[in-house]
Amino acid sequence: MAKSHVKRMVLDILKPHIPNALEFAQRLAQVGEDYHVSLTVLEIDEATQTIQIDVTGNSIHFEALQLAINEMGGSLHSIDVVEVSSQPTQNTQDQS
């Protein structure tokens with residue numbers, strides 16, 4: 001059985017103006033040791049911003065990202081892109 005790892009996610013998020021985009025992206029990058037976060041503001045209204053977050057890393061933990069988004073007052077609207085790769089587990093390699 002191969003083990004899969006999420007390598008990239010693009011998320012559509014609604015967030016309040018505070019924290020600002022820089023602080024929001026920095027916090028999400030801190031969720032993982034090797035996360036790279038790109039944030040694009042798509043729309044702004046009086047109280048909120050609609051943003052798109054592109055996160056890359058060796059093994060992205062979605063639940064941890066979602067928790068950080070919620071802690072900053074954000075709301076996940078959709079997962080727009082997911083890239084996953086698989087690696088054979090040790091047992092799979094031994095069976096070949």
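Read the figures in this text as sums done on the coordinates, not as results from a lab. Predicted, not measured: the structure shown is a model, and the values here were computed from it. In this analysis, Cβ positions are derived from the backbone assuming ideal geometry, glycine residues included, and neighbour counts consider all displayed protein chains.
Computed from these coordinates, which is Rg/Rh (Cα atoms, Kirkwood Rh): (1) 1.10; (2) 0.92; (3) 1.03? Entry (1). So, in Å, what gap is there between the alpha-carbon centers of the range 1-25 and the range 26-49? Cα centres, the range 1-25 to the range 26-49: 6 Å. Shown here for the range 11-45: GluC sites (Glu not before Pro) in loop regions (DSSP other than H, G, I, E, B) with at most 10 other Cβ atoms within 10 Å, namely Glu33. Each residue of the range 61-74 is assigned a 3J(HN,Hα), and the resulting list reads 9, 4, 4, 5, 4, 4, 4, 5, 4, 5, 4, 8, x, x Hz, derived from the Karplus form 6.51 cos²θ - 1.76 cosθ + 1.60 (θ = phi - 60°), x at Gly and Pro.
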